[in-house]
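The values are calculated or read from the model by the stated rules, or taken from the named source; none is laboratory data. Please read all numbers here as calculations on a predicted model, not as lab measurements. Cβ coordinates were reconstructed from backbone atoms using ideal geometry, including for glycine residues, and neighbour counts include every protein chain displayed. In case anyone asks, the SASA skips ligands and DNA or RNA and just uses the protein heavy atoms, side chains included. Shrake-Rupley method; radii C 1.70, N 1.55, O 1.52, S 1.80 Å.
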Amino acid sequence: MKGEKIILGIDPGTTIMGFGLIKVENKKMSFIQMNELQLSKYKDHYVKLKLIFERTIELIDNYHPDEIAIEAPFFGKNVQSMLKLGRAQGVAMAAGLSREVPITEYLPKKIKMAITGNGNASKEQVAKMLQSQLNIGELPKNLDATDGLAAAVCHFYNSGKTEIGKSYTGWDAFVKQNPNKVK
């Protein structure tokens, strides 16, 4: 394993996609950047998916992450919202897989637990803890960017542990691990 790696964290969404990047050197992490892709002005869901894919590819091409950590959709009561979130996650994953970047999914509770020690922590608590851990000056107004960053930091904390979530090294690995999802 090389001594340095970059982790891209993504919080997929069809209104806002949050993302953050950290660099890991000698088992220490440092903040690179976080931001969000605003999608609320677009009415067409397919345009939103295209933009998520393109932005993820752009991030990969610009920062060359060694790994991607992505927040898994949580199970809510609104089936349509869940479907849209799953699609957003899927196109972000497809972008990573198309560039052969290994992807690991984390449940929101697992991410919150890794950052704050509390799986039921609020977005604000997660953001404040990240601000402290990574010496971030000002937090963004929307906390979707910190949610993306939290996925990357969660992945850093869980690196080397045996059970870290679903992990894919490429399309073949995804198909093998999900035979019922791909026909």
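Miscellaneous remarks
- Counting only protein heavy atoms and a 1.4 Å probe, region 18-87 has 61 square angstrom of accessible area per residue.
- Gain on full stretching of the segment that runs from Glu138 to Glu124 - 0.36 nm per residue minus C-alpha separation: 3.7 nm
- Stretchable slack from Glu100 to Lys28, in nm (0.36 nm times residue separation minus alpha-carbon distance): 23.5 nm
- Taken along the Cα-to-beta-carbon direction at a fixed 7 Å, the label points for Ile57 and Leu107 span 3.4 nm.
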